[in-house]
Amino acid sequence: MRRRLIGLALVLLIAWGGLAALINQGILPKLGLDLQGGTSVVLTAPPGTDQDVLAQAVEIMRRRIEDVGGVAEPDIAISGGNTVLVQLPGVEDEERALDAIGQTGQLSFRPVLAATPGNEGPLVTTTTTSTTAAGVTTTTAESTTTTAATTTTAAATTTTTLPPNVDPETGLTLVDDPAATTAYLPGTITSVIGEIPAVLTVGPAQLVGSDVADAVPGFNPSNAQWVINLDLTSEGADKFAEMTAAAATQSQGSPQRQIAIVLDGEVIASPAVAADVGAEGITGGRALITFGAATTDEQAAKDTAAILRYGSLPVAFERSQVQKVSATLGSDSLRAGLIAGYIGLALVAILLLAYYRMMGVVAIVGITVFGALLISTFALLSRLQGLTLTLAGVTGVIIALGIAADSYIVYFERIKEEIRAGRNVRSAVDEAFRHAFRTILTADAVSILGAGLLWLLSVGPVKGFALSLGLATLIDIIVARSFTRRAIYLLARTPLGEKGWLSIRRTAQ
Amino acid sequence: MSFLKRLSRGETNFDFVGRWRLWFQISAILILISLGFVGFRGLNLGIEFRGGTTINSPNATGATIEQLRLLTDEAGVQGAVIQLVNDGQAVRVQTPALDPEVERELIDDVAAATGSDRGEISIDSIGPSFGALILRQSLVALVVFLVAVALFMSWRLEWKMAGSGLAALVHDLIITVGVYSITWFEVTPATVIALLTILGYSLYDTVVVFDKVSELADEAGPKEDYGDIVNRAMNLVLGRSLNTSLSSLLPVGSILFVGSLVFGASSLRDFALALFVGLAASTYSSIFVAAPLLAAWKKGDPRVGSRRPKVRTGRTSGTLAPSRPRPAPRPPKGRR
């Protein structure tokens, strides 16, 4: 009896105290675009972009934000001729989400032809070699032989002018095109003092985004680095083997043993092919992109994986017009909804009291425990997972309140049956709990099953709903087991169990 | 004894199963009406599904969402999404595709309300934001969900219960969608969510009822008719079913009636209606569709109750058939 009392007090303390502590810390559930507003961004594609291409881009954006933004529900729609209107709820890392949505995500694996230490391209640093290198760009783009030999033969053409696509100040390629014969991109090379900045001269892409079947972020425990595991298509696997085999023929420490992994013109990694790779190259169709050990690297690995998984956007978008937007539901609607919700809850409370008397009080306290736990969970998930509560999520909660009330009704009805069958109140509440809990578990399992599947399979607003329904149902089971059972057990042992109009026995008769 | 008293004691004596013809006829008519409306009239899909027009205007006068909502309502534009941009410096109104005339009128109204020039207002088309992808994924999720639930119920209860439960579910969904077609309320993403909610609730309700049926069937003697068992279970859980439905319908009904009719929050109406109708249909169908269907389906089966060994010990009131003479209750031990 004492143990149950302590247990009960502990449950109340955890539920109510926990919520109070969270509110005190300013950790509250974040509201979604429809309830609180957020940021609106216009992404503009080049004029004359086909509508089908835009539609394709929007689908990719929707999938990406799913991976990066957790359950923050954005609103993405084609607007006008060549723009996409993205509305994000007030999420913590807006910039990050926008990057994930808008980045083109063009991935290419390119052989490193040469490396120039420092921040300037080879065309700037030495005038003599600039002719040599510049010559490469004047050779026809169709030329597929990209060995160093081509570079020297092309040097015959004497042009001192820089190719059009190279910044004269830095000697770096301005707009990267993976199909271009050569590009000068900032990256790093491995030297005796570790990774040092260098400009990499890279050949045309031998492996591109479409050769990637899947990209999964992960942690490599052997060197404590965040990585992306790339699963290549069978065609991609062959290309990758061929590419690594060619690099493996170069001597150890040569930049040409490196492979540049380029994303939207930026070298995100340039690993050297390991010493033990033989003439067949790296087979098996798996490639690894290593980021680093820092928290920012973890984020970068996750975001980049999301961008790579669904392929590149078919066109490059430019971001313009970042604006703050208000909730789509006016504040009047929201207030009306809240008032109506309170009235509804008050009616439920009256119903429970009238029908179950003292047990109804237990049910009402139990529903506040349920509510406190649910709000706390949402608040924590908002903080940790970027969850936002939309109207759809609130719908899930309202239904969950109904289901929570039902758990009490199923239990109380069972108690009444047991008492009418001749049990005394004390044994009736225990026996009834066994049966009622079995029913609650079966029925709740259906809800959880549904919520889980919707969560796994759906996208967008449906996902937010599934999460709130699933969580609420789970909490319902926990509350039934930890609070309701103890509270009713104790109530049955007070005078209110057997005697008086409010008692459990009188309720049953 | 008053009806309420009997209801509260699980001692009502309705013949749910015997009148199955009547229930099925009612349901069949409702389903036919629903299908007819959806088939011929279709649904009023919101801009989230169909796209429409977006009107961007500066807002020199500081018009509020409520004021603009009045304008769109007066113009007869349903389901407009109205937002303030940059703390009210500008407004964005998204509407479904409009007649050129209505659109011109609305733009003039917006211009007047916000104190802007006609030329300062930009008008663009806007595509669906609840796109084909989301819809497709949700449908896939739905199918997988139904299969999984059928398997779960077959394992936990029995497969004919799974079948009857799913039939009741489809019944609820069709009727809810039908009500949308009849009332011509707008279908928004929130409505779709509400439909999914009904899915979960309908099954939940049916499972509670069937759990009782299977408990009674386990305890029943080998001679008892399955229809009688179902009837007994239904009468026992009737009080619970009505209470539960009330406690779910009260908050939703309050949002629907108090929120949208009294306070005029029309955007809440669309989804509250789906929930309300769906919840009501779920309660009806678990009693009047799922249970009679199960009884009819199992009629030809060999004795059901004897198939499973009786594992339950201890007395449960399940053996007390309200419709038959009650055995004398044990003297209560707790009372002194």
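The values are calculated or read from the model by the stated rules, or taken from the named source; none is laboratory data. Just so we're clear, the structure is a prediction, and the values are computed from it rather than from any experiment. Please note: Cβ atoms are built from the backbone with ideal geometry, for glycine as well, and neighbour counts cover all protein chains shown. Calculation scope for accessible area: heavy atoms of the full protein, side chains included, ligands and nucleic acids excluded. Shrake-Rupley method; radii C 1.70, N 1.55, O 1.52, S 1.80 Å.
Of note:
- Inter-chain shielding of A:80-86 (mean C-beta neighbours from other protein chains, 10 Å cut-off): 3
- Only Lys, Arg, Asp and Glu carry charge here, each on its Cβ (+1 for the first two, -1 for the last two); on that basis chain A has a dipole of about 4040 debye about its Cα centre.
- Straight-distance crosslink candidates among lysines, where the alpha carbon sits under 23 Å from A:Lys463 and sequence neighbours closer than 8 are dropped: A:Lys30, A:Lys302
- Normalised by the number of residues in chain B, the mean separation of alpha-carbon contacts (under 8 Å, six or more apart) gives a relative contact order of 25 percent.
- Protein heavy-atom accessible area occluded, A/B pair - total, 1.4 Å probe, Å²: 7700 Å²
- For chain A: accessible area per residue (Å², 1.4 Å): 42 Å²
- Once the partner protein chains are put back, region B:6-20 shows a loss of at least 40 square angstrom of accessible area, versus the chain by itself, at B:Ser8, B:Arg9 (probe 1.4 Å, ligands and nucleic acids excluded).
- Listed residue pairs exceeding 24 Å between alpha carbons, taken from B:Lys223/B:Lys298; A:Lys416/B:Lys5; B:Lys5/B:Lys223; B:Lys212/B:Lys298; A:Lys416/B:Lys298: B:Lys5/B:Lys223; A:Lys416/B:Lys298
- Residues whose amide H lies under 5 Å from that of B:Val187, counting only those 5 or more places away or on a different chain, are B:Asn44, B:Leu45, B:Gly46; hydrogens are built 1.01 Å from N in the peptide plane.
- Residue-averaged 222 nm ellipticity for chain B, from DSSP H runs of 4+ at -39500 (n - 2.57), nearest 500: -19500 deg cm²/dmol
- Relative contact order (%) - chain A, alpha-carbon pairs under 8 angstrom, separation at least six: 21 percent
- Taking label positions 7 Å along the Cα-Cβ direction at both B:Ser125 and B:Leu35, the computed distance is 3.6 nm, reported to one decimal.
- Mean-position separation - Cα centroids, region B:167-215 and region B:1-36, in angstrom: 18 Å
- Selection among A:Tyr184, A:Ala508, B:Leu45 by position relative to the dipole of the protein assembly as shown gives A:Ala508 as farthest towards the positive end (Cβ unit charges, Cα centre).
- Summing +1 for each Lys or Arg and -1 for each Asp or Glu among the other residues whose beta-carbon sits under 13 angstrom from that of A:Gln87 gives -2.
- Around B:Ser125: net Lys/Arg minus Asp/Glu count, Cβ-Cβ under 12 Å: -1
- Chain A: angle of helix A:391-420 to the longest principal axis, Cα-based, in degrees nearest 10: 30 degrees
- For region B:106-235, diffusion coefficient by Stokes-Einstein and Kirkwood Rh (Cα), 10 °C, 1.306 mPa s, µm²/s: 85 µm²/s
- Candidate aspartates and glutamates for bridging to B:Lys160, where Cα separation is under 18 Å - those fewer than 8 sequence places away on the same chain excluded: B:Asp205, B:Asp211, B:Glu215, B:Asp218, B:Asp225, B:Asp228, B:Asp301
- When a 1.4 Å probe is rolled over the protein heavy atoms, the share of accessible surface on region B:57-202 that falls to carbon and sulfur comes to 61 percent.
- With 50 Å² as the minimum drop in accessible area between chain alone and full protein complex (1.4 Å probe), the qualifying residues in region B:216-257 are B:Arg240, B:Asn243, B:Ser247, B:Leu250, B:Pro251, B:Ile255.
- Among the trypsin sites (Lys or Arg not before Pro) in region A:291-363, none is located in a DSSP loop while being surrounded by at most 11 other Cβ atoms within 10 Å of its own Cβ.
- Loop chymotrypsin sites (Phe, Trp or Tyr not before Pro), region B:158-203, which have at most 15 other Cβ atoms in a 10 Å radius of their Cβ (DSSP): B:Trp184
- Among the protein heavy atoms of region A:469-509, carbon and sulfur supply 64% of the accessible surface, probe 1.4 Å, non-protein parts ignored.
- For chain B, convex hull of alpha carbons as volume per residue, Å³: 190 Å³
- Chain B: angle of helix B:132-156 to the longest principal axis, Cα-based, in degrees nearest 10: 10 degrees
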